[in-house]
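**Q** Before we start, here is the structure in question, set down as structure tokens.
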Amino acid sequence: MRRTRTGPRDVSREPEPRQPGRVLDARLHLLDRQVLDVDGMPVCTLDDLELEAVDGRSAVDERIDGSVPVVITDLLTGPVLGTRVFGGRPPASRWHRLPWAHVVDIGTAVRLSVRSGDLDATWLERWTRDHIIGRIPGGNHDPESSG
Amino acid sequence: MIASDLLDVPVHDEAGAHLGWVVDLRFVLDGAPDTFLARARLHALVVSPRTRTSFMGFERSSVRHPWPVAPILRWWHRGTFLVHWPDVARVPDPDAGAGPEDTAAIVLRAEFTAYEPGL
């Protein structure tokens, strides 16, 4: 069926009621923000958000629509460069998930309550430290003061 | 479902008329307390009738500067509106791939209400 379109159509708008909690827009306040751990160390950038119905219904089992409330369950980070350039999205297995329950604060950065070393999202950094940087002479200790 | 499944998706009314594209998702932290923050409930979709994306949200804020960037972007995104999540009747299947445009659109209920998008 061919869709009908006659150009942009402005709909009449009503004032938005005041909401009972803090309001966040995904692109304005969350996506592409830096994620910091409890010590303020960078963890990753926030690439996407995992959404799930509050009744536990998942998109795999059943279609989600406006009839059921949806909440953020995880912050996602992963290999999105290719999909942002060419379209599509990474497979679900490639995402690293940071549970919403770990989020402490949302400001210019998203702050977590856990250390980055405990997160799967930083495995590549740890692997590089242990297998590459650590094998360079002098690479396994802090630099000494030159006096 | 992830946020990217909803962002940039065309929005149609029940009759199939094109209304715009989802340029952002609005969440409200009013759910049950989840350790540190309340759960973030998907409250609404921000729909722009003219553009597929939004730049820095000038159409949703009271920021008027820098001139002329803010007025131009505000004019470019004129007509942007908010649709509450319960007014969404159908969401495209993210695993269906690129299909006919009618099935790859978010469809709103017949009696949906458009709201001002201001933050």
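The values are calculated or read from the model by the stated rules, or taken from the named source; none is laboratory data. As the structure is a prediction and not an experimental result, all values here were calculated from the model. Virtual Cβ from ideal backbone geometry, glycine too; neighbours counted across all protein chains shown. In case anyone asks, the SASA skips ligands and DNA or RNA and just uses the protein heavy atoms, side chains included. Shrake-Rupley method; radii C 1.70, N 1.55, O 1.52, S 1.80 Å.
**Q** Just counting partner chain Cβ atoms within 10 Å, what average do the residues of peptide A:105-111 show around their Cβ? Could the numbers behind the result be given before it?
**A** On the way: counts 2, 3, 0, 0, 0, 0, 1.
Mean number of neighbouring Cβ atoms from other chains: 1.
**Q** So, one more: For chain A, what is the relative contact order in percent, using Cα pairs closer than 8 Å and at least 6 residues apart in sequence? Please list the in-between numbers first.
**A** Values: 166 pairs, mean separation 31.8, N = 147.
RCO, chain A: 22 percent.
**Q** Calculate, for A:Asp32 and B:Ala32, the FRET efficiency according to 1/(1 + (r/R0)^6) with r their C-beta to C-beta distance and R0 22 Å; round to the nearest 0.05. Kindly include the intermediate steps, with their values, before the conclusion.
**A** Details: r = 28 Å, r/R0 = 1.25.
So the FRET efficiency works out to roughly 0.20.
**Q** Continuing with this model, one more query. Put a dot 7 Å past each Cα toward the Cβ at A:Val85 and B:His65; how far apart are the dots in nm?
**A** Placing both labels 7 Å along Cα→Cβ, they lie 3.9 nm apart.
**Q** Mind checking A:12-22 for the average number of partner chain beta-carbons within 10 Å of each residue's beta-carbon? Could you put the intermediate results ahead of the total?
**A** On the way: counts 3, 10, 6, 3, 12, 2, 0, 8, 4, 11, 7.
That works out to 6 on average.
**Q** Taking the Cβ-Cβ separation of A:Trp127 and A:Val104 as r and a Förster radius of 22 Å, what is the calculated FRET efficiency to the nearest 0.05? Mind showing how you got there, number by number?
**A** On the way: r = 27 Å, r/R0 = 1.23.
Computed FRET efficiency for A:Trp127 and A:Val104 comes out at 0.25.
**Q** Moving on. Where is the GNM fluctuation largest for chain B (alpha-carbon springs, 10 angstrom cutoff): B:Arg74, B:Arg26, B:Arg39?
**A** Top of the fluctuation ranking is B:Arg39.
**Q** Give the Rg (one decimal place) followed by the Dmax (whole number) of the stretch B:3-115, computed from C-alpha coordinates and expressed in Å.
**A** Looking at the stretch B:3-115, its Cα Rg and Dmax stand at 15.4, 44 Å.
**Q** Between B:Arg52 and A:His141, take the C-beta separation as r, use R0 = 41 Å, and let me know the FRET efficiency to the nearest 0.05.
**A** 0.20
**Q** Rank-order A:126-134, A:107-115, B:43-51 by packing density, defined as the average count of other C-beta atoms within 10 Å over each peptide's residues, highest first. Intermediate results must be reported in sequence, preceding the final value.
**A** Details: A:126-134: 11.0, A:107-115: 15.4, B:43-51: 22.7.
Ranked from most to least packed, the peptides come out as B:43-51, A:107-115, A:126-134.
**Q** How large is the Kirkwood hydrodynamic radius of the protein assembly as shown, in angstrom, based on all distinct alpha carbon pairs?
**A** Values: mean 1/r = 0.0494 Å⁻¹.
Averaging 1/r across every pair of different Cα atoms and inverting gives 20.2 Å.
**Q** Rank B:His77, B:His65 by accessible area, highest first, at a 1.4 Å probe radius?
**A** Numbers: B:His77 5, B:His65 135 Å².
Highest to lowest solvent-accessible surface, that is B:His65, B:His77.
**Q** For the stretch B:3-115, calculate the relative contact order in percent as a whole number, restricting contacts to Cα pairs under 8 Å that are 6 or more residues apart.
**A** Working: 208 pairs, mean separation 30.5, N = 113.
Relative contact order of the stretch B:3-115: 27 percent.
**Q** Can you show me the helix-derived [θ] at 222 nm for chain A, built from DSSP H runs with n ≥ 4 at -39,500 (n - 2.57) apiece and divided by the number of residues, rounded to the nearest 500.
**A** Working: 2 runs with 15 residues, N = 147.
Rounded to the nearest 500, the figure is -2500 deg cm²/dmol.
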